[in-house]
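Note sheet for the following structure.
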Amino acid sequence: MQVTNVFRCEVDKELEEIELLFKESYQKNPERNLHLPHKMSEIEDIIKEISIRSSHKLPQLMLDSLVEDSFISDNQDVEIYRHIRYLPASFHHHDFFEVICLLDGTCTNYIADRTLEMTSGDICIIAPNTEHAISAFSDDCLLFNILVRASTFEQTFLDIVSETDLLSEFFTRTLYHSKETPYLLFHTHGELNTRNFILYAYDENQSNRRYKHRMINSIISAFFASLLREHEKDVDIPSITRSDSDENLMFILRYMQENYRTLTLKELSEFFNYSERHLQRIIKTATGISFSENMQKLKMTTAAKLLENGDTTISDISEQLGYSTVNNFRNIFKKYYGMTPIEFRNLGKNK
């Protein structure tokens, strides 16, 4: 609540000197369509001209391949910039994660062959090496770019979702293994806490206060946790929503996660009113494996944790996971891990 009270506030939306110059250039050159994405070579002259006329030096803005050490300070894991309005849109890629946070107004996010019309409260996470361009061409647009080192992102965002195996599998697959749609788009609808974490982090990033590095990391970690907790169901899943218009994927994965011990595909299809074939396709697209493979993976992962972390008997584990007999559980476990449950437990104790 303290964050909400202190940073309920707002950022000054007056156009800065450099934004006024870019806006002037945009209005004077309508034929160049600077709001549409270009190759850097096509707009380099505009950026050079503005750099000469303004007090800002903009060599970094003329690169189409960005590396984290050039944009993220040596002693930091995260860097936060306020996006320059009317900056000509140009395709670029980088080796770090970028979180595009639109707090007010509208903007257009071009990712590969997709065009995302973002509105107030939208947050887009873009994976490394993804070609994209941002078009923010209105005075009321309040847009922040959060740049996160790849290693830090794995330690925060993915570490949070790892608490739920299926969602972790989905997010990891989307961001790391999808060549067509390596992004996640969350719709927060201007929810206050998420907005304030962004403003809090930006304020800290602009300061020279002690423990700045740790504070920003903590704020961003809390930001990701809040984003997932409050808006997990409000995420666009590009590979799913385009082909299936499915709005229930997160609920499906959650339901599978919570009922995997006895859940059947037929029961799942009846609960969500989908055909089994359609449901299979959604699950396979989202996680990379079939319904039955997901169920087995969840059971085996749980069995391994129980064997490693307690003295629960093999019989009790088998019963907890819904297997008809201990022998059935033992045979499936051995096929999955290459050893019996007892051998697995003894191996853990020896380690």
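Checked against the criterion of being in contact (Cβ under 8 Å) with a residue 60 or more places away in the chain, closer than 27 Å to Gln76 by Cα and not in a strand (DSSP E or B), segment 118-137 has at least one qualifying residue. If you go through segment 62-94 and pick out every residue that is in contact with a strand residue (DSSP E or B) (Cβ under 8 Å, 6 or more places away or on another chain), closer than 15 Å to Ala133 by Cα, modelled with pLDDT under 90 and not in a strand (DSSP E or B), you end up with 2.
Conditions tested, residue by residue: (1) among the basic types (Lys, Arg); (2) at pLDDT 90 or above.
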{"residue": "Arg214", "(1), (2)": "yes, yes"}
{"residue": "Ile219", "(1), (2)": "no, yes"}
{"residue": "Ala222", "(1), (2)": "no, yes"}
{"residue": "Asp236", "(1), (2)": "no, no"}
{"residue": "Leu265", "(1), (2)": "no, yes"}
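Let me spell it out: the conditions are (1) at pLDDT below 80; (2) surrounded by 18 or more Cβ atoms within 10 Å (Cβ to Cβ); (3) among the hydroxyl-bearing types (Ser, Thr, Tyr), and Ser243 meets all of them except one. Which number is the exception? All conditions are met except number (2).
Within segment 26-59, the set of residues being among the small types (Gly, Ala, Ser) and either in a helix (DSSP H, G or I) or modelled with pLDDT of 95 or more (or both) comprises Ser41, Ser51. Highlighted here are the helices (runs of 4 or more DSSP H) found entirely within segment 267-351 that include at least 3 residues which are under 27 Å from Ile252 (Cβ atoms): 276-287, 291-309, 314-320, 326-337.
Just one of the listed residues (Glu204, Glu230) is in the same structural domain as Glu98 (by TED's automatic domain parsing) and modelled with pLDDT under 90, namely Glu230.
Listed here are the residues, each with its yes/no results for (1) at pLDDT below 90; (2) crowded, with 17+ Cβ neighbours inside 10 Å; (3) assigned by TED's automatic domain parsing to the domain that holds Asn259.
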residue	(1), (2), (3)
Lys299	no, yes, no
Glu308	yes, no, no
Thr312	yes, no, no
Ser315	no, no, no
Phe329	no, yes, no
Phe333	no, yes, no
Tyr337	no, no, no
Ile342	no, no, no
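Number of residues in segment 139-165 that are farther than 17 Å from Phe186 by Cα, in a helix (DSSP H, G or I) and at pLDDT below 70: the value is 1. Restricting Ser135, Ser65 to those that are surrounded by fewer than 17 Cβ atoms within 10 Å (Cβ to Cβ) and in contact with a His (Cβ under 7 Å, 6 or more places away or on another chain) reduces the list to Ser65.
For first residues located in segment 6-22 and in a helix (DSSP H, G or I), partners that are modelled with pLDDT under 75 and lie 6+ apart or on another chain with Cβ distances below 7 Å form the pairs Glu17/Ser55; Ile18/His56.
Looking only at residues in segment 261-297 that are over 26 Å from the mean Cα position of the chain (by Cα) and closer than 30 Å to Thr340 by Cβ, the one that is surrounded by the most Cβ atoms within 10 Å (Cβ to Cβ) is Leu263. Would you be able to say whether some residue in segment 178-191 is modelled with pLDDT of 80 or more, farther than 26 Å from Asp64 by Cα and in contact with a Ser or Thr (Cβ under 6 Å, 6 or more places away or on another chain)? Yes, the conditions are met somewhere in segment 178-191.
The values are calculated or read from the model by the stated rules, or taken from the named source; none is laboratory data. Keep in mind that this is a model prediction, so the values were computed, not measured. We place every Cβ from the backbone using ideal geometry, glycine too, and count neighbours over all the protein chains shown.
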